Each structure stands twice: as C-alpha cells, then as structure tokens.
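Scroll down for the structure; my scribbles are underneath it.
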Amino acid sequence: MTATQSRHRLTTAKAMVDGIAAEMERDESVIVLGEDVGAYGGIFGSSTGLLDRFGATRVIDTPISETAFIGLGIGAAVEGLRPIVELMFVDFFGVCMDQIYNHMAKISYESGGNVKVPMVLTTAVGGGYSDGAQHSQCLWGTFAHLPGMKVVVPSNPYDAKGLMVSAIRDDSPVVYMFHKGVMGLAWMAKNPRSVDEVPDEAYEVPIGKARVAREGTSVTVVTVSLSVHHALDVADVLAGEGIDVEVLDLRSLVPLDREAILTSVAKTGRLVVVDEDYLSYGLSGEVVATVTDVDPGLLRAKVARVAVPDVPIPYAHALEYAVLPRPARIEAAIRAVVGA
C-alpha cells in the first residue's frame, strides 16, 4: 500500500466481499451463487450485502444440491461468465467431487486449452469451534494434490481481497479456501489480526507468491491460514528468549512458492512446518521435500512437522484442541528444532 491510497479497516470477511464487489462492478460477467449467499450473506459473511447491491440475477441462492450448483457454475464459466461458487463447508466436497475434479479441473486440459473455466470455488475450512468431524477439516492438501486447479488460502484482510481479485481474473479454476478463524466474525473467537487496513480500490495479490510475515534468523516456520497467526504469537513470545522466528505465509498452495521456502531455510538452517491439515500425504511433507529434494545440506537440524494426526476432528472441545496445531504444540516444535 502507498501513502496516497485510500483505505479502510476491514475484517477478512469484509475484505473478501470488497474484492468480489469490485470485480462485479468492473465486469458484468462476474456472478455469485451457492447456498445462503443471497439474503443471508453467506454463513461466514463471505457475500454480505452483494444481493442488495447487484440483485438476484447476479447473486443467486441455490437449492441444497452441491453437485447441481457447482455443475451450473462450471457450465456458466465455459459459456463465458466468471462465476464465484460457494461450497459452504469444504467437508461437503464428497457429494460434488466429480463436478470439481472430473469437470472443473480437467475441461481445459481435455480440450487442449481451447475451453477455459474461469471459475472461483470458495469454501470455508478449519476447526476449533466444536463443529464436529464433518464441518471442521481443512483438506487443502486434498485439492492441492489434484492437478488442474489453483489453490489459495488467505490469512489476513489484505491478502483476502487481493487473492480474490486475482482468482476472479484468472482464466483457470481457482479454489479459494477461507478459515473461519481468520474471518473476524463477532460470534467467533477474537483474532486481532483479522482486522486491518485494506485499500479501497481493486488490487491483485499474485497467486503463487508467498509472504514473509515475520523476518527471523533462528528458524523458519512455514505455514498457512490461521496457523500463521498462531506462529506469529509464538514468535513474539520466543523473541524475549533470543529465538528469532521467521514466519513464511505460503498464501497459495498451487502454485507453491518453493523458492521462498528454500530462501528462508537457507537463511535460518532450521525448519518447522505447521499445517492444520492431516499429517500424512499432505502439505507438510511437500514443504519438507521441497528442501530435501533440492539441497538437504541447507538443514542444520532435524525438521519438525506440526499437523493434525490422522484422525477425524473430534467434537469435544478438549479433544479438538489436542489435535489442532495450537500455539503450545508450535512452541514445543520450535524449541526442539533450535535446541532450546
């Protein structure tokens, strides 16, 4: 942001809506559809006010049939519109994965690039609120594993707007995953970094470019989404002991900014990966492999991975907090890697 840009303090949810509204004003082909995206405004505030501003022909409440409305979005994208389609919880992917992966992700490839699918699939992710095993997963590793889709995961208001603008303008299908815990909603746990100054005008945050959220020299913490906030909180605590933590916010999983990971680890020599997705076959292993495949000699200590163990997310609050990558687990991992 420059000194001349006008800006307002927005929650992540409002910044996300601001990005959508800016593109709807600029481009009449941008539409929004999904369950409760109209009068309700999205159950996590992801479309609040859009119906009043743009009307029911461009902000469309759909029946509870994910296969139907995601298929509708794909067809609209193929025919020249730029739909934003909300899958209310990522956990519901199972009933519509054929539309997402066998159609949205593959049409461009199967047509030799002649047919574009400029569609944004938005979805809420994350636990911590006793929503149970079917409403609390992240699953970004699942989507990142499947070719044909870009995957972005903002952690703050500025990135939420900029990544949304970039996603809408992209001619490829983009899965835009927002964690409930970073949205800044009044009825959820307060997160001080979920409100920040955001430029009023439209801007793009490049997809595939990580951000150094905190500079440091002792150890690199590579993470994404709500875990960025937990890592920054831990870094503030450990700074008083002389442990200087660098926090790298990936922002995008596909494309993955491998160069940023290598650059940071080359500086610190130590790596902790924090991921609110499952431990096995996921993002944390991919980040570690990014280093070891190129130059394992960059590492001066054993790598630590802090992720969700391979169990369904528990409903009971104490059990849920035990499996999530909360600050206590992150701090213990950092201490183990730096030998403190």
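Observations on the structure shown:
- Between 0 and 90°, nearest 10: helix 327-338 axis offset from the chain longest Cα axis: 50
- Accessible surface area normalised per residue over the stretch 1-89 is 45 Å², counting heavy atoms of protein chains with a 1.4 Å rolling probe.
- Crossing angle, helix 226-239 versus the chain [Cα axis fit, 0-90 degrees, rounded to tens]: 30
- Residue-wise HN-Hα couplings along the stretch 116-130, as the Karplus relation 6.51 cos²θ - 1.76 cosθ + 1.60 with θ = phi - 60° gives them from phi, are 9, 10, x, 10, 10, 9, 9, 7, 8, 10, x, x, x, 10, 6 Hz; Gly and Pro carry x.
- Computed per residue of the chain from DSSP H runs no shorter than four, each worth -39500 (n - 2.57), the mean residue ellipticity at 222 nm is -9500 deg cm²/dmol.
- Length-normalised contact order for the chain - Cα pairs under 8 Å, 6+ apart - percent: 17
- Stretched out straight at 0.36 nm per residue, the stretch from Glu25 to Ser6 would grow longer than its current Cα-Cα span by 5.0 nm.
- Take the Cα of Glu79, step 7 Å toward its Cβ, do the same at Ala336, and the gap between the two points is 5.4 nm.
- Protein heavy-atom surface of the chain, 1.4 angstrom probe: 55% of the accessible area is carbon and sulfur, with nucleic acids and ligands not counted.
- Sites Asp171 and Ala318 - FRET efficiency at Förster radius 56 Å, r taken between beta-carbons, to 0.05: 0.75
- Candidates per GluC sites (Glu not before Pro) in the stretch 67-173, loop by DSSP, up to 14 other Cβ within 10 Å: Glu79
- Overall form of the stretch 284-340 per C-alpha gyration tensor (a/c, 1.5; a/b vs b/c): oblate
- Under 13 Å, Cβ to Cβ, from Ser166 - net charge with Lys/Arg +1 and Asp/Glu -1: +1
- Computed from Cα atoms, the angle from the helix 258-268 axis to the main principal axis of the chain rounds to 20 degrees.
- The stretch between Leu146 and Val311 holds 57.2 nm of extra length on full extension. This uses 0.36 nm per residue minus the Cα-Cα distance.
- Cα gyration tensor category, rounded, prolate or oblate, for the stretch 159-218 with a/c compared to 1.5: oblate
- Exposed trypsin sites (Lys or Arg not before Pro) absent: longest stretch of the chain, with sites in DSSP loops and at most 13 other Cβ within 10 Å deemed exposed: 1-189
- Charges were assigned to the Cβ only: +1 to each Lys and Arg, -1 to each Asp and Glu. The resulting dipole of the chain about its Cα centre is roughly 620 debye.
- Probe 1.4 Å, accessible area per residue of the stretch 119-210, Å²: 31
- Overall form of the stretch 47-87 per C-alpha gyration tensor (a/c, 1.5; a/b vs b/c): oblate
- In this structure, Gln134 and Lys209 have a Cβ-Cβ separation that, at R0 = 41 Å, corresponds to a calculated FRET efficiency of about 0.80.
The values are calculated or read from the model by the stated rules, or taken from the named source; none is laboratory data. Note that this is a predicted model, so its numbers are computed, not measured. All Cβ positions, even for glycine, are placed from backbone atoms using ideal geometry, and neighbour counts span all protein chains on display. Remember, those area values only see protein heavy atoms, side chains included, never the ligands or the DNA or RNA. Shrake-Rupley method; radii C 1.70, N 1.55, O 1.52, S 1.80 Å.
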